[in-house]
Amino acid sequence: MIVLALILVPAFAALGAYAHRESAFRTGWLVVAAVVHAGLVGVVWAAPPEPVLGGWIAADAIGLIVLSVVSGLFLMAAIYAVGYLRRETPRGGRAFVSCLLAFLGAASLVTLSQHLGVLWVGMEATTLSVAPLIYHRQDRRSLEAVWKYLMLSSVGIALALLGVFFLATAQFAAPPGARPLVLPDLVRDASRLTPSWLEAAFVFLLAGYGTKMGLAPLHSWKPDTYGEAPSLVGGLMAGVLTSCAFLGIVRVFQVLVAAGLAPFAQPLLLTFGIISLVVAAAFVLGQADVKRLLAYSSIEHMGLLVLGLGFGGVGAYGTVLHVVNNALAKGLLFLAVGNVVLATGTSLVAEIKGLHRALPASAALLVVGLLAATGSPPFGSFVSEFTILRSAVASGHVVMALVIAGLIVMIFAGMGRSVLRVFHGDPGRAVAAHAEDIWLLAGPVILAGAVLMLGVYIPAPLGRALAGAAAALGGVSP
Amino acid sequence: MTQIASSLLLLVVLADFVVLGTSRMSTCIRAIGVQGLLLAGLPVFLHAEWSVHMAGLALGTAAVKAVGLPWFLSWAIREANVRREVEPLVGFVPSLLIGAVMVAGSFAVAPTLPLPVQGGTLLVAVALSNVLTGLVVLTSRLKAVTQVVGYLMLENGIYVFGLTQTQRVPFLLELGVLLDVFVGVFIMGIVVFHINREFDSMSSSHLEELREP
């Protein structure tokens, strides 16, 4: 029952929040729902629950890791929202909190689905619940961003649905008792699935969910959307939404691995990965807007995720760990940038120089976030990126490993230039010294602590879950 | 597969050509409505035996695809005072030719995809034709409403393919699909409405403020 509660609590909370007229109530409601959700996730870690609804909904190792990322990042964003909604009133009004909670419910459904059709429904629901959040300023620019996002994501999600139907078709030859589209049954009967339909399903699901992840060259909505969405929403999109979309690809990859078709999938994954890194490296240089910069950084990390999956071996372990690190680092960066935007009203690099005097805490968090997001030691992302590179060498892709390392360094230099200019420099336009709100700092500080901790120490339950996830992806733990 | 079902499928493809070839927005919307109605009839004629599941699917499809969505789209163009022309990026004759090539290609490819259901080849061919012509409309028309119509054609193609699975994949999923399409297009419609109010025209070519410098 507890796994159902993880989906239903946010869903009902979304309805409840809409009923409240007082905005303080709604914010309180948001934080309470986020805390309850995080508590429930804790219970799932302590006592793994039984599958429910005929095995359609269950928490396996990979799903549980992504669910924890979703829940933790959402809690930080909810705390941040308390300070944010005091300073800025979204024109959407009541819908803002409801859409956030509906998004949490939909993302939980994605992580807990063992039925790939239900997973698709959850993915569609995340797209729709996020659209009003992007559009909350209701001006021309956010209108353009939300239109691009809706159109590209909808086409992506439609292609993914076709992929889901192909997968069901591949199951025609399976034994009669097999439940259609249920992951454990697909994996069990993998050898009896029709290979040609299975391969077609993978191609469509990779293109469909890849659009939602923002893999290059399917990324064109990403900089515009992240640039226009409120920072809090940008953080959730970069941390939660992308992880959910990646999980969709991971699910079908699990079936391909079980069917012995991994050699078909791997070149596709590596191609998308390398293109994403190249695009990110080309566009971070000289990027004028910090939020758009973060969008290209997100494209880089999406590329690294599929690369790890493509290399296999310890790469599978590194990839799942990188899902966690990327979400923490992106959440940290977006919330820190959000503080800067709240204080200065802009995210253009040229206009926000010299923040170390005006906003010392947020500026420091921004630099910590930069280091975490670019995979510098001692942060967790260093460990996961290094693991992915190791798997590249181990699988014989030495040249590719060198290229990837070079691109990562280029992206580090490009991002570092912009972010350090924001930190140092002469404050051209005087930014008023600003009392920094504890609600606005708590989230990013905790996220920074978490990503730092993962660099030096991985708690035993997480280690076990990572090993389980790597095994399910046909990989090994280091 | 009955004679009626195959005729319905061919009419579905004909509706695609109407959308590709017309210059009037209202004809586009009417064609997509008729296509929805044809799709609603398909599950009934595709299988010989009757069931509550089939009847529900047919009624749900008719309500959403043949009544709800066309009504909503015509409401959007009426309320927002959209000009009646389609504004193609690619002319009508070239679009029809591209569409014809896509449909021919789909019918050529379909027999190579083995499908263990009766009449599977025709279903696959029509599904692929709809997906591809939908993508053509999506990319070759400027107005936001026409792009929504293209998206609906794409969705309809997926629906036709989904019909091959109705015996196996439970009812809940199909309902979810219909609901998602409905809500998705509803939200798109609202955005379309705002685009028009903001820019005084529903052409998405105005949307180019956000780009790399």
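Values quoted throughout were computed directly from the atomic coordinates according to the rules given, and no laboratory measurement underlies them. Here the structure is a predicted model, which is why all the values come from computation and not from measurement. Cβ coordinates were reconstructed from backbone atoms using ideal geometry, including for glycine residues, and neighbour counts include every protein chain displayed.
Confirm whether A:S142 is over 24 Å from A:V323 (Cα atoms) and either polar (S, T, N, Q) or not in a helix (DSSP H, G or I) (or both). Answer is yes for this residue. Among the residues of region A:354-375, those identified as in a loop (DSSP other than H, G, I, E, B) and either touching a helix residue (DSSP H, G or I) at 6+ places or on another chain (Cβ under 6 Å) or β-branched (V, I, T) (or both) are A:L359, A:T374, A:G375.
Exactly one residue among B:V34, B:V64 is touching a Phe, Trp or Tyr at 6+ places or on another chain (Cβ under 6 Å), aliphatic (A, V, I, L, M), closer than 18 Å to B:L152 by Cβ and surrounded by 14 or more Cβ atoms within 10 Å (Cβ to Cβ), and that residue is B:V64. When region A:348-406 is filtered for residues that are within 20 Å of A:A329 (Cα to Cα) and of a type in the set (S, T, N, Q), the ones remaining, listed by number, are A:S362, A:T374, A:S376, A:S381, A:S384, A:T387. Taken together, the criteria place A:Y80 among residues that are among the hydroxyl-bearing types (S, T, Y) and either part of a loop (DSSP other than H, G, I, E, B) or more than 12 Å from chain B (Cβ to nearest Cβ) (or both). Within the set A:G416, A:G468, A:G475, A:G380, the sole residue that is of a type outside the set (A, V, I, L, M), touching an Asp or Glu at 6+ places or on another chain (Cβ under 9 Å) and surrounded by 16 or more Cβ atoms within 10 Å (Cβ to Cβ) turns out to be A:G468.
Has region A:373-389 got at least one residue that is within 24 Å of A:T344 (Cα to Cα) and touching a Leu at 6+ places or on another chain (Cβ under 7 Å)? Within region A:373-389, one or more residues are within 24 Å of A:T344 (Cα to Cα) and touching a Leu at 6+ places or on another chain (Cβ under 7 Å). When region A:219-233 is limited to residues that are within 14 Å of chain B (Cβ to nearest Cβ) and of a type in the set (A, V, I, L, M, F, W, C), the one that is surrounded by the most Cβ atoms within 10 Å (Cβ to Cβ) turns out to be A:A229. Residues in region A:273-300 that are crowded, with 24+ Cβ neighbours inside 10 Å and of a type in the set (S, T, N, Q): A:S276, A:S297, A:S298.
Just to be sure, is A:V146 within 14 Å of chain B (Cβ to nearest Cβ) and surrounded by 22 or more Cβ atoms within 10 Å (Cβ to Cβ)? Yes.
If the condition is being without any contact (Cβ under 8 Å) to a residue 60 or more places away in the chain and under 14 Å from B:P70 (Cβ atoms), then region B:32-55 contributes B:G33, B:V34, B:L37, B:L38, B:A40.
Considered as a group, the residues in region A:155-187 that are within 8 Å of chain B (Cβ to nearest Cβ) and not in a helix (DSSP H, G or I) include one that is surrounded by the fewest Cβ atoms within 10 Å (Cβ to Cβ), and that residue is A:P180. Starting from region A:278-291, keep only residues that are more than 10 Å from chain B (Cβ to nearest Cβ), then list their pairs with residues that are among the charged types (D, E, K, R) and surrounded by 21 or more Cβ atoms within 10 Å (Cβ to Cβ) whose Cβ atoms are within a distance under 6 Å, requiring at least 6 positions of separation or different chains. As it stands, the answer is A:A280/A:E300, since those pairs meet every condition given. Taken over region B:135-158, the residue count meeting the criterion of being facing another protein chain (nearest Cβ under 10 Å), farther than 22 Å from B:V101 by Cα and not β-branched (V, I, T) is 1.
In the set A:L152, A:L119, only one residue is more than 17 Å from the chain's Cα centre (by Cα), more than 10 Å from chain B (Cβ to nearest Cβ) and part of a helix (DSSP H, G or I); that residue is A:L152. The listed residues are B:L57, B:L9, and the only one of them that is in contact with a Leu (Cβ under 7 Å, 6 or more places away or on another chain) and closer than 21 Å to B:V124 by Cβ turns out to be B:L9.
If we scan region A:205-223, do we find a residue that is touching a His at 6+ places or on another chain (Cβ under 9 Å), touching a residue at least 24 places away in the same chain (Cβ under 8 Å), of a type in the set (G, A, S) and closer than 30 Å to A:L440 by Cα? Checked against the condition, which is being touching a His at 6+ places or on another chain (Cβ under 9 Å), touching a residue at least 24 places away in the same chain (Cβ under 8 Å), of a type in the set (G, A, S) and closer than 30 Å to A:L440 by Cα, region A:205-223 yields no hits at all. Every listed requirement among (1) surrounded by 18 or more Cβ atoms within 10 Å (Cβ to Cβ); (2) out of contact with any helix residue (DSSP H, G or I) (no Cβ under 8 Å at 6 or more places or on another chain); (3) of a type in the set (G, A, S) is met by A:A33 save one, (2). In this structure, A:A350 qualifies as of a type in the set (A, V, I, L, M) and within 14 Å of chain B (Cβ to nearest Cβ).
Can you say whether B:V131 is closer than 18 Å to B:L10 by Cβ, within 14 Å of chain A (Cβ to nearest Cβ), surrounded by fewer than 19 Cβ atoms within 10 Å (Cβ to Cβ) and not polar (S, T, N, Q), as far as the supplied structure shows? For B:V131, the condition - closer than 18 Å to B:L10 by Cβ, within 14 Å of chain A (Cβ to nearest Cβ), surrounded by fewer than 19 Cβ atoms within 10 Å (Cβ to Cβ) and not polar (S, T, N, Q) - is not met. The residue that is nearest to B:A127 (Cα to Cα), counting only those in region A:188-202 that are more than 10 Å from chain B (Cβ to nearest Cβ) and buried (at least 16 other Cβ atoms within 10 Å of the Cβ), is A:A201.
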